[in-house]
Amino acid sequence: MAERLHVGVIGYGWAATAHIAAINATRQGRVTAVWSSRELDAAELSARHGGPIRVHRDLEGLLADPAIDVVDITSYPSQHRDQAVAAARAGKHVILEKPMANSPTEVAEIVAAAEAAGVRGCVCFECRFSSQFQATKAVIDQGLLGRLHYGEVDYYHGIGPWYGQFRWNTRRDEGGSALLTAGCHALDALLMVMGGEVESVSSLSAKSRSEIFRPYEYDTTSVTIVRFRDGAVGKTAAVVDCLQPYYFHTHLVGSEGSLLDDRFHSARLAADKGKWSRIAMKLLDSGDVSDHPYQAQFQAFFDSIEAGREMPLTGFREAARTFSVIFAADESAARGGAPVHPV
């Protein structure tokens, strides 16, 4: 049996409840401690999550506990840098909810702290582990689309007052931008499937005139054009002020075929050009954290810790590359769409 990895959760909200269930469902992970700024009852928390959980009000106390191997940070985005750096310096491996942090400097400091301490990191870009994108990547890797020259992955999810995070998500110092707060999943997925290095990005942003979204302190819709060094181009729309069902749109075009969500056409299969073939996959069709593929991601993270290797797909350095593109896109939008080269 795999050795148990004891996990301490920092911040107890909606995302934390989904994380705890996913961690406890892995072969190694078990949440044994929670830190929260709110009063929590340890007995109630333990009963809810099926095992003994200690409650901390002192973050330093949780990080000083030698029994804790991993910390899972699900707090407010503005707290991520300080908490992740402190956890790394305490010798804990780190699971970090998105966004990784709210500035390029903060992201760099998190990566540097983890590497200096020799600990592993995992950022919750869990869509890379979804059935949809694992199947999509398999189609690409098998050459059925040929060489991709265009891709678009878009995020449509109205985050209004019906969502618990709305109360803080509207703030610039917490939500940040349409890309940072949620659209980052789509841009990250675009970078995963296109594969190439980014040359430059250009972005424009807007905001709904609906009273529902008036509390937002930043533009809640953006469209970003990505130019890759190999000549390919891509597009990501990040729309968190829409009034429609959740939709994670994916359209890829290559030299041998195209893919549209869960459908594809490939010239290599000599199929009817007038019809799509369908791929068996579970589409990303919900913003509910309970539907996110955290368990597969956390299982891969714990396996990487045991094996002493980097986290695949969503390690700190890989995630930092995505955030460098996001910050460049937001800079471009602030400059009226002028191209920006990611650092």
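Annotations for the structure displayed:
- Evaluation of residue 56 against the conditions (1) in contact with a strand residue (DSSP E or B) (Cβ under 8 Å, 6 or more places away or on another chain); (2) touching a residue at least 60 places away in the same chain (Cβ under 8 Å) shows that the sole unmet condition is (2).
- Residue match in the range 78-98 (condition: of a type outside the set (Val, Ile, Thr), in contact with a Pro (Cβ under 6 Å, 6 or more places away or on another chain) and surrounded by 24 or more Cβ atoms within 10 Å (Cβ to Cβ)): no
- Listed by position, the strands (runs of 3 or more DSSP E) contained in the range 200-266 that have at least 2 residues being crowded, with 21+ Cβ neighbours inside 10 Å, modelled with pLDDT of 95 or more and of a type outside the set (Gly, Ala, Ser) are 221-228, 233-239, 247-254.
- Meets criteria (of a type outside the set (Lys, Arg), at pLDDT 95 or above, touching a helix residue (DSSP H, G or I) at 6+ places or on another chain (Cβ under 6 Å) and over 17 Å from residue 320 (Cα atoms)) for residue 150: no
Yes/no per residue for (1) closer than 25 Å to residue 287 by Cα; (2) at pLDDT below 95; (3) not basic (Lys, Arg):
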{"position": "13", "(1), (2), (3)": "yes, yes, yes"}
{"position": "33", "(1), (2), (3)": "no, no, yes"}
{"position": "46", "(1), (2), (3)": "no, no, yes"}
{"position": "70", "(1), (2), (3)": "no, no, yes"}
{"position": "74", "(1), (2), (3)": "yes, no, yes"}
{"position": "85", "(1), (2), (3)": "no, no, yes"}
{"position": "104", "(1), (2), (3)": "no, no, yes"}
{"position": "109", "(1), (2), (3)": "no, no, yes"}
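- The sole residue among 85, 107 that is in a helix (DSSP H, G or I) and either within 18 Å of the chain's Cα centre (by Cα) or assigned by TED's automatic domain parsing to the domain that holds residue 182 (or both) is 107.
- Within the range 22-47, tally of residues that are in contact (Cβ under 8 Å) with a residue 60 or more places away in the chain and either exposed (fewer than 14 other Cβ atoms within 10 Å of the Cβ) or outside any strand (DSSP E or B) (or both): 6
- Criterion (surrounded by 16 or more Cβ atoms within 10 Å (Cβ to Cβ) and modelled with pLDDT of 95 or more) met by exactly one of 307, 338, 334, 319: 319
- Within the range 249-307, the set of residues being within 21 Å of residue 152 (Cβ to Cβ) and charged (D, E, K, R) comprises 256, 261, 262, 263, 278, 282, 285.
- Filtered residue count, the range 59-82, keeping only those that are farther than 25 Å from residue 164 by Cα, outside any strand (DSSP E or B) and either in contact (Cβ under 8 Å) with a residue 60 or more places away in the chain or among the aromatic types (Phe, Trp, Tyr) (or both): 3
- With respect to being small (Gly, Ala, Ser) and over 30 Å from residue 247 (Cβ atoms), residue 75 falls outside the description.
- Here residue 137 passes the criteria (1) without any contact (Cβ under 8 Å) to a residue 60 or more places away in the chain; (2) within 21 Å of residue 191 (Cβ to Cβ); (3) outside any helix (DSSP H, G or I) except the one numbered (3).
The values are calculated or read from the model by the stated rules, or taken from the named source; none is laboratory data. Computed from a predicted structure; not experimentally measured. As a convention, Cβ positions derive from the backbone with ideal geometry for all residues, glycine included, and neighbour counts pool all protein chains shown.
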